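**Student:** Have a look at this one before I ask anything.
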Amino acid sequence: MEMKMKDVLNATSFRFNKALGQNFISDTNLLKGIVADSGVKEGDVVVEIGTGAGTLTRQIAEVAKKVYSFEVDKNLIPVHELSLQGLDNVDVIFRDVLKMKDDEFKSIVGDGEFKVVANLPYYITTPLIMRFLESDLKVTSLTIMVQEEVGRRLVAKPNTPDYSAITLAVLLRGSATITRKVNRNMFYPAPNVDSAVVRIDVEEGKLDGEDKALVHRLVRSAFAMRRKTLVNNLNASMGLTKAEATEKLQNAGLDERVRGEALSLEDYIRLSHQF
Ligand code: SAM
């Protein structure tokens, strides 16, 4: 029998740890909505980051074949004993995936395809996205709760203030969509920002045939100093003279005064062909 989240927290005298970004969700419709947004289906292996009280874990487990849920706060063990009772396809692992090497991760989750679904502590959003997108792990999508502002950045278009290195990091591997906005009052305790659920779909073979490492370096270089022109950034971090950088931009059909934030992924790929 499934217990209400607040009853579980009361019964176990759980004390929230603010420093770990503990803002939990108990609304079943919202939890089911996040799982629906993720496209998780029967037979899928899911990695969840931040088990919390296990409310999202339970909804994922009702659909997926297997859930590996990572959490760092061992004070949640008594909570899980009640909230995850009766689920035989859930493993809770008290480890920080940000500090795990790929081999260790694979020794737990296996080497097959998996989806990430998570209501994350906000301070690990970017490192967590990068941890999966920059690895060779077979992640096929990430559906994550993020601060609304970060959600806008993840789906931003070139030449807008939200367009940033993380936008391009996602575009290098796939594409992102905001699937829903979530009001702060849906969390307990309520944080002081609204949120959005973002789904990042990894596109197999994206950028195949391109020099991926070079495109990555160009993007990092372009956003290293956002207020500088691309020529100045290429000069500072790609070992080019300004004249060489200018020539490469011109040969790629780009204006020599352009800033990195105006370039689309296709522009970066064209520029990489000049090296
Ligand atoms: N998924 C739950 C929910 O939706 O109610 C909990 C969400 S809460 C925003 C985030 C959870 O992540 C907290 O339980 C926190 O202890 C845990 N956490 C914090 N840092 C973590 C890390 N590096 N790895 C895994 N979990 C972490």
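**Student:** With the checklist (1) surrounded by 18 or more Cβ atoms within 10 Å (Cβ to Cβ); (2) within 23 Å of Y123 (Cα to Cα) in hand, flag the one item V215 doesn't pass.
**Tutor:** With respect to (1) surrounded by 18 or more Cβ atoms within 10 Å (Cβ to Cβ); (2) within 23 Å of Y123 (Cα to Cα), V215 is out only on (2).
**Student:** Those residues that are under 19 Å from A64 (Cα atoms) and open to solvent by 60 Å² or more (accessible area, probe 1.4 Å), I need them from the stretch 81-96; list them, please.
**Tutor:** Across the stretch 81-96, the qualifying residues are Q85, G86, D88, D91.
**Student:** Can I ask one more? Residues to consider are E134, E149; find the one that is in contact with an Asp or Glu (Cβ under 9 Å, 6 or more places away or on another chain), of a type in the set (D, E) and surrounded by fewer than 18 Cβ atoms within 10 Å (Cβ to Cβ).
**Tutor:** Of E134, E149, the one residue that is in contact with an Asp or Glu (Cβ under 9 Å, 6 or more places away or on another chain), of a type in the set (D, E) and surrounded by fewer than 18 Cβ atoms within 10 Å (Cβ to Cβ) is E149.
**Student:** If you don't mind, another one. List, please: which pairs have Cβ atoms under 6 Å, are six or more places apart or on different chains, and start with a residue in the stretch 221-235 that is within 17 Å of A252 (Cα to Cα) and end with one that is among the aromatic types (F, W, Y)?
**Tutor:** none
**Student:** Scan T179, T229 and give me the residue that is closer than 30 Å to E113 by Cα and either assigned by TED's automatic domain parsing to the domain that holds A36 or open to solvent by 10 Å² or more (accessible area, probe 1.4 Å) (or both).
**Tutor:** T179
**Student:** Something else now. Being more than 13 Å from the ligand (Cβ to nearest atom) and hydroxyl-bearing (S, T, Y) is the requirement here; does T125 meet it?
**Tutor:** no
**Student:** Can you find, within the stretch 65-77, the residue that is farthest from the chain's Cα centre (by Cα) among those that are more than 7 Å from the ligand (Cβ to nearest atom) and outside any helix (DSSP H, G or I)?
**Tutor:** K65
**Student:** Does T51 meet the test of being part of a loop (DSSP other than H, G, I, E, B) and open to solvent by less than 10 Å² (accessible area, probe 1.4 Å)?
**Tutor:** Criteria met by T51.
**Student:** Of all residues in the stretch 247-266, how many are free of Cβ contacts under 8 Å to residues at least 60 places away in the same chain, open to solvent by less than 30 Å² (accessible area, probe 1.4 Å) and either in a helix (DSSP H, G or I) or of a type in the set (S, T, N, Q) (or both)?
**Tutor:** 2
Yes/no per residue for (1) of a type in the set (S, T, Y); (2) surrounded by 15 or more Cβ atoms within 10 Å (Cβ to Cβ); (3) within 14 Å of the ligand (Cβ to nearest atom); (4) part of a strand (DSSP E or B):
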| site | (1), (2), (3), (4) |
| --- | --- |
| Q59 | no, yes, yes, no |
| V63 | no, yes, no, no |
| V79 | no, yes, yes, no |
| L98 | no, no, yes, no |
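**Student:** Take the residues of the stretch 106-123 that are at pLDDT 95 or above and hydrophobic (A, V, I, L, M, F, W, C): which is most open to solvent (accessible area, probe 1.4 Å)?
**Tutor:** Restricting to residues being at pLDDT 95 or above and hydrophobic (A, V, I, L, M, F, W, C), the top hit is I108.
**Student:** Can you tell me which residue is nearest to the ligand (Cβ to nearest atom) among those in the stretch 27-48 that are outside any helix (DSSP H, G or I) and crowded, with 18+ Cβ neighbours inside 10 Å?
**Tutor:** Top of the filtered list is E48.
**Student:** If a residue has to be open to solvent by 60 Å² or more (accessible area, probe 1.4 Å) and more than 12 Å from the ligand (Cβ to nearest atom) to count, how many in the stretch 185-197 make the cut?
**Tutor:** Number of matching residues: 2.
**Student:** Another question, if that's okay. It is to be established whether one or more residues within the stretch 137-152 are without any contact (Cβ under 8 Å) to a residue 40 or more places away in the chain and within 10 Å of the ligand (Cβ to nearest atom).
**Tutor:** no
The values are calculated or read from the model by the stated rules, or taken from the named source; none is laboratory data. For clarity, every value in this text was computed on a predicted model and none was experimentally measured. FYI the Cβ positions are ideal-geometry reconstructions off the backbone, even for glycines, and counts take in every protein chain you see. Keep in mind that these areas ignore ligands, DNA and RNA; they rest on the heavy atoms of the full protein, side chains included. Shrake-Rupley method; radii C 1.70, N 1.55, O 1.52, S 1.80 Å.
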